[in-house]
Amino acid sequence: MSSTDSGYSATDIITYIGVPLAVLGVLPILYNTVATLAALSKIKRMLRHGRLTALTRSDIVNRVIEVELPRYAVTPCDRFAETELYWQPSRQRSSIPGGSWTTFNWQTRAIGAKTQRVEYADQLRQPQVEVAFDELVAYLLDLGAVPDAHGWKLLRSTGLWTPTGCSLMKSPDGYHEALTIASLDDSDGHLSLKANWSSDWTTRDFSSLPPYWIRLPPPLVSELAEANVVIDAAEGPSASPDETQVDDVEKGSKEKEQSLSRQQSLDSVQKQAGKIKGSTIVCQISIDGLISAMSQEAGALFSSANLENLYIEPLRIRSGKSDGVWFASVATAYGTTSQTILWNYKIPDEILNFARRDTVPCGILVLLGVVDESQTPEWATNYDTQWEAAELFFRRSADQRAAMMAEARMPLPQRENAARERMQREMNQRLQDMRDRSRLENQRREARTSEALQSPKWDTKLVAEHNLRWLRERKERATGFYIGVDTSLPLRDVVGMLLHRMVLDGQFASSIFKMLDLWKAWADNGGMRRSDLQALQEDQEIFAFASLLVALVRDTVTAHEGTLSLDLQECLRMWKTVRLG
C-alpha cells in the first residue's frame with residue numbers, strides 16, 4: 001500500500017517523525033552548553049570571591065572547562081614591618097579546596113602555573129603553595145599553636161604514608177586542629193599539609209620573643225667601675241680658667257667652638273655606648289649560626305621601634321675560623337631548656353664530645369689557686385721540708401760545735417786563724433746550702449708541675465663550679481666585669497651576661513674564643529702541656545669564663561629518643577619544603 005492510500009505524505013512523515021528526532025539529537029548539545037556555561041559561571045564566581053586571577057577556557061561540546069591558576073611560593077610576613085598582617089588571619093579566605101593557605105597573610109612569589117580540566121565546579125582545586133617547613137612551624141608557634149606529640153611521632157616514623165587528617169599542631173586550648181596532613185593529590189612528592197586558624201586562638205603578640213631568638217641580660221657593673229665612669233664623665237669636659245684664656249687667645253673662638261662640638265659628640269657617643277651596655281640584647285640564631293643581634297631597652301616592647309641593630313660580623317660563622325661556631329653553640333645551649341620545643345642550630349658533635357670529656361687535671365686548678373689541694377685526690381709527692389731544714393740545722397750546728405771545741409785546744413795564734421777559716425767555711429756552706437735549697441725547690445716545683453699535668457682529670461661542670469666560686473671571691477677585676485659577689489647567680493645567668501658582653505666587646509670575645517680553641521686543642525692532642533699551663537696562668541680569668549661556657553654546653557638538655565623535640569627536629573630536617581593547601 002502506498003503512502004497516498006494511507007493518507008500520509010512524505011512531508012508529513014518528515015514533519016511528525018524527522019523533526020522530533022532531530023530535536024532530540026540536539027538536546028544533549030544544548031544541555032552540555034547550558035551545564036558548561038553554568039559551571040563556568042560558578043567557577044568564575046568562586047574565583048572572584050577568593051580574589052584569584054585565572055585563565056578559563058570552556059569546550060561546550062565536550063563539556064570541559066580548563067582553569068589555569070598560578071602556583072606560589074610563600075613566606076610569613078615580616079614580624080616587625082608588617083605587624084598587623086603577621087598577627088591577624090586573612091580577611092579573604094578562599095573556599096576552594098586546596099586554598100587553606102589563604103587563612104594567613106603571606107609574602108607571595110609566583111613560581112609557575114597549574115592547568116586543570118574539570119567538568120563541574122566542585123572539581124576545582126586551588127594549587128597548593130610551597131613554604132619552608134621550619135618557617136611555617138615557627139610562625140604557628142609564634143601565634144600560640146601547640147605541637148601534637150603523637151602526630152609528629154607518627155610523621156617521623158611513617159613519612160608520606162601518614163594518614164590524612166593526622167594533626168601536627170593544635171590550637172592553644174587543644175580542642176582544634178591548626179595544622180594537619182592533607183591528601184597527596186597536588187603534592188608532587190612533597191609533604192602535603194592543611195592549615196586552619198582563628199583570630200581567637202592567637203595568644204601571643206609582638207612583645208613576645210619569637211622562636212629561634214634568645215634574650216641576653218646585661219652584665220652587672222661593680223660600684224667601683226660605675227664611680228670611675230661618673231668621675232671620667234664629670235672631669236672630661238672641664239678645663240682650668242687659665243687654659244681657657246690661652247685657648248681664646250691662641251686659637252680663637254672658632255676653634256674653641258669646634259673643640260666643644262667634638263667633645264659633645266664624644267660625650268654623646270659615650271652615653272650611647274653606656275646605654276647599650278645596660279640594655280638587653282636579643283639574638284636570632286639560625287641553622288647558619290648568629291643572624292642578627294639587637295639591643296632592647298629595659299621594659300621596652302619587642303618591636304622594631306625599640307630595637308637597634310648591633311655589629312656582629314666577628315661572631316658569624318666563617319670558614320677557617322671557629323669563633324662563630326663557638327658563639328652559636330653556647331647561645332644555643334643558653335636558649336635550650338627543658339621547655340624549649342624548637343631550636344635551629346645544631347651544636348657540632350665535636351664540641352659536644354669535647355664538653356662532655358674530662359680534660360682539666362685537678363692539679364692544675366691547685367697550681368692556679370682555684371682549688372685547695374685537700375679537695376683533690378692525692379696526686380703530688382709530699383715533702384717534709386721542715387724536717388729537712390731541721391736536720392740540716394742540727395748537722396751544721398754539730399759541725400760548728402766540733403770546730404769550736406777543736407779551736408779551744410789550740411794556742412792563741414792558731415786559734416784566731418782557725419776561727420777565721422771556720423767563719424769563712426761556714427759562710428761558704430750557707431751560700432752553698434742556699435743554692436742547694438733553691439735548686440731543690442726548682443726541681444720539686446718542676447716535678448710538681450709534671451705531676452699536676454698527669455693528675456686525675458675533672459669534668460667541665462666541676463671545673464666551672466670551682467671557677468665560678470673563684471670569680472665570686474675576686475671583688476676587684478681589671479676587666480670591670482662583675483658577676484655578683486653578694487648574690488649567688490646561677491651558672492646559666494652568668495653565661496647569659498658573658499654572651500651579652502661578647503656581643504658588644506669583640507676583643508673580650510676573641511680572647512675567650514682563643515682560650516676555647518687552646519683548651520680543645522690540648523683535649524684532642526692527648527692532654528695539657530706546660531705551654532698550655534703558662535697560657536692559663538697569663539689569662540686565668542678568661543679561662544674561668546671559658547669554663548662556664550663549656551659547662552653550659554655540657555649541661556644542655558639534649559632531646560632523647562621518642563621525645564617531641566627530637567621528632568619535630570627530625571621532621572624539619574627531612575622535609576625542607578612542604579606543600580600547604
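At a glance:
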quantity: Complete set of residues in the range 132-161 that are in a loop (DSSP other than H, G, I, E, B) and either modelled with pLDDT under 90 or within 16 Å of LEU564 (Cβ to Cβ) (or both); calculated: ALA145, ASP148
quantity: Criterion (touching a residue at least 24 places away in the same chain (Cβ under 8 Å) and either surrounded by 11 or more Cβ atoms within 10 Å (Cβ to Cβ) or not hydrophobic (A, V, I, L, M, F, W, C) (or both)) met by exactly one of GLU421, GLU451, GLU441; calculated: GLU451
quantity: Candidates ARG117, ARG109, ARG51 - the one that is more than 21 Å from THR577 (Cα to Cα), under 47 Å from the mean Cα position of the chain (by Cα) and not in a helix (DSSP H, G or I); calculated: ARG51
quantity: Close pairs from the range 399-415: first among the hydrophobic types (A, V, I, L, M, F, W, C), partner open to solvent by less than 70 Å² (accessible area, probe 1.4 Å), Cβ under 8 Å, at least 6 apart; calculated: ALA403/ALA418; ALA403/ARG422; MET404/ARG422; ALA406/ALA418; MET410/ALA418
quantity: Residue that is surrounded by the fewest Cβ atoms within 10 Å (Cβ to Cβ) [pool: residues in the range 301-342 that are at pLDDT 75 or above and aromatic (Phe, Trp, Tyr)]; calculated: TYR311
quantity: Cβ-Cβ under 6 Å pairs, at least 6 apart or on other chains, the range 161-176 side open to solvent by 80 Å² or more (accessible area, probe 1.4 Å), far side not hydrophobic (A, V, I, L, M, F, W, C); calculated: THR164/SER183
quantity: Members of the range 362-391 found to be more than 18 Å from ARG469 (Cα to Cα) and surrounded by 14 or more Cβ atoms within 10 Å (Cβ to Cβ), listed by number; calculated: TRP379, ALA380
quantity: Elements of type helices (runs of 4 or more DSSP H) contained in the range 492-569, each with 2 or more residues being under 24 Å from ASP349 (Cβ atoms) and in contact with an Asp or Glu (Cβ under 6 Å, 6 or more places away or on another chain); calculated: 506-524
quantity: Residues that are open to solvent by less than 70 Å² (accessible area, probe 1.4 Å), among the small types (Gly, Ala, Ser) and closer than 22 Å to TRP201 by Cα, drawn from the range 63-97; calculated: SER90, SER94
quantity: Top-ranked residue in the range 520-532 [being touching a residue at least 24 places away in the same chain (Cβ under 8 Å) and among the charged types (D, E, K, R); ranked as most open to solvent (accessible area, probe 1.4 Å)]; calculated: ARG529
quantity: Candidates ASP532, ASP539 - the one that is over 27 Å from ALA293 (Cα atoms) and in contact with a Lys or Arg (Cβ under 9 Å, 6 or more places away or on another chain); calculated: ASP539
quantity: Subset of the range 494-519 [among the basic types (Lys, Arg) and surrounded by fewer than 20 Cβ atoms within 10 Å (Cβ to Cβ)]; calculated: LYS514
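The values are calculated or read from the model by the stated rules, or taken from the named source; none is laboratory data. The structure presented is a predicted model; accordingly, all values stated were derived computationally and were not measured. Backbone-built Cβ (ideal geometry, glycine too); neighbour counts: all protein chains shown. Ligands, DNA and RNA are excluded from the accessible area calculation, which covers all protein heavy atoms including side chains. Shrake-Rupley method; radii C 1.70, N 1.55, O 1.52, S 1.80 Å.
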